[in-house]
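Here is the structure we will look at, set down as structure tokens.
The values are calculated or read from the model by the stated rules, or taken from the named source; none is laboratory data. Model, not experiment: these values are computed from the prediction. Cβ: placed from backbone, ideal geometry, glycine included. Neighbour counts: every protein chain shown.
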Amino acid sequence: MLEPAVVVLRLMQYAGAMVLMGSSLFFVYALPRSGPGSATETPWARKLLAAAGALLAVAALLSVPGQASVLSGSLSEGLKVETLRAVVTGMDLGKAAVLRAALAGLSVILALSVKPSRTSWALGAALGAVATASFAWMGHGAATEGPGGPVHLVSDILHGWAAAVWVGALVAFLLLLRAGAATPEASAALHRALHGFSGVGTALVAVLVVTGAINGWFLIGLGHLDGLWTTPYGRLLSLKLILFVGMLALAAANRFQLTPALGRGLGGQDGERAAVAALRRSVVIETAVGLAVLALVAWFGTLAPPAAM
């Protein structure tokens, strides 16, 4: 039961850090500075970032005894002070977990005590970015030795950042679409946000594909391609790639079909309502698939890749 608990805690950390980084950035680049549709006038924006920080903090702190228990072979041994101290002071994953918990605590304070503004969103995004980068020390990114080690580490960090911007935007869009467009101004702001994310989304896909290929080179390698279907790591990675393609299809439909439909429906109550409903369904599915992808990453990140066998 210890291994599944560690996987769940990894997933919780991924979700918390990525929403903290990606949604904070979304408030800066996609929404108006003020007025209807802006993050400063959106009642759930501050709550979202505080919840993301709290989720990350709790999961990061719990991950220390979780990892200690897995490494020591039992929960009773993992909860011993000397075992916890060894993980926190002697292992990169323990140090990274403590760092994430501290950053998450700061993000909660920031979200709840500082007046919402583009500056506060940028600070929240920075905290989330450092937390997301630290995941490289929780998985295989920082384990590669030799001259390729820095390349793999940087690639892993960039891959995580691109995923965070996408996931954070999806969550923000989901909440924006939850109640539909309350006013014509808010509906227009939603349409602008969708258009604004289009260019960002294209760049994210490019980064994810390139860094994913680099990571695959180090973790799979040309000599172990059969590991994609003969090893647990490879099968889970293959499923992740299938889901990623599904996310691309949904994102393309949002950009080239549903967003233009919303633009045509602006000003017409029935057309606007139908377009918002269609977008809501699509974003719900895309967010669910994205969460499944994170769950798979949390799972196969605990397994040995084919290149290490």
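Of all residues in segment 49-64, those satisfying the criterion of being over 17 Å from the mean Cα position of the chain (by Cα) and buried (at least 20 other Cβ atoms within 10 Å of the Cβ) are S63, V64.
Would you confirm, using the coordinates I've provided, whether A133 is under 20 Å from W299 (Cβ atoms) and either aliphatic (A, V, I, L, M) or not in a helix (DSSP H, G or I) (or both)? No, not satisfied. G37 meets the conditions (1) under 23 Å from V7 (Cβ atoms); (2) modelled with pLDDT under 95 in every case but one. The failed one is (1). Close contacts from segment 282-309, counting a first residue that is within 18 Å of A164 (Cα to Cα) and a second that is modelled with pLDDT of 90 or more and small (G, A, S), with Cβ to Cβ under 7 Å and a gap of 6+ residues or different chains, come to E286/A251; V289/G246; L294/A15. State whether the residues of segment 146-162 include one that is touching a residue at least 24 places away in the same chain (Cβ under 8 Å), among the aromatic types (F, W, Y), surrounded by 24 or more Cβ atoms within 10 Å (Cβ to Cβ) and in a helix (DSSP H, G or I). No; the residues of segment 146-162 include none that is touching a residue at least 24 places away in the same chain (Cβ under 8 Å), among the aromatic types (F, W, Y), surrounded by 24 or more Cβ atoms within 10 Å (Cβ to Cβ) and in a helix (DSSP H, G or I).
Residue-level check: of (1) polar (S, T, N, Q); (2) farther than 20 Å from Y29 by Cα; (3) in contact (Cβ under 8 Å) with a residue 60 or more places away in the chain; (4) surrounded by fewer than 17 Cβ atoms within 10 Å (Cβ to Cβ), Q257 misses just (3). If you check A68 against the conditions, is it more than 30 Å from A186 (Cα to Cα) and surrounded by 16 or more Cβ atoms within 10 Å (Cβ to Cβ)? For A68, the condition - more than 30 Å from A186 (Cα to Cα) and surrounded by 16 or more Cβ atoms within 10 Å (Cβ to Cβ) - is met.
When A142, A51 are checked against the criterion of being within 18 Å of Q13 (Cβ to Cβ) and part of a helix (DSSP H, G or I), A51 stands alone in meeting it. Within segment 257-307, the residues that satisfy the criterion of being in contact with a His (Cβ under 8 Å, 6 or more places away or on another chain) and more than 18 Å from V7 (Cβ to Cβ) are T259, L262, G263, L266, P306, A307. Going by the conditions given, is V167 under 18 Å from A52 (Cβ atoms), without any contact (Cβ under 8 Å) to a residue 60 or more places away in the chain and part of a helix (DSSP H, G or I)? No, not satisfied.
Just the residues that are among the polar types (S, T, N, Q), in a loop (DSSP other than H, G, I, E, B) and crowded, with 19+ Cβ neighbours inside 10 Å, please, taken from segment 6-43.
T42
The condition of being under 21 Å from A307 (Cα atoms), of a type in the set (F, W, Y) and either in contact (Cβ under 8 Å) with a residue 12 or more places away in the chain or exposed (fewer than 13 other Cβ atoms within 10 Å of the Cβ) (or both) holds for W229. Quick test for you: out of R85, R46, pick the one residue that is surrounded by fewer than 16 Cβ atoms within 10 Å (Cβ to Cβ) and more than 30 Å from P306 (Cβ to Cβ). Checking each option against the conditions leaves just R85.
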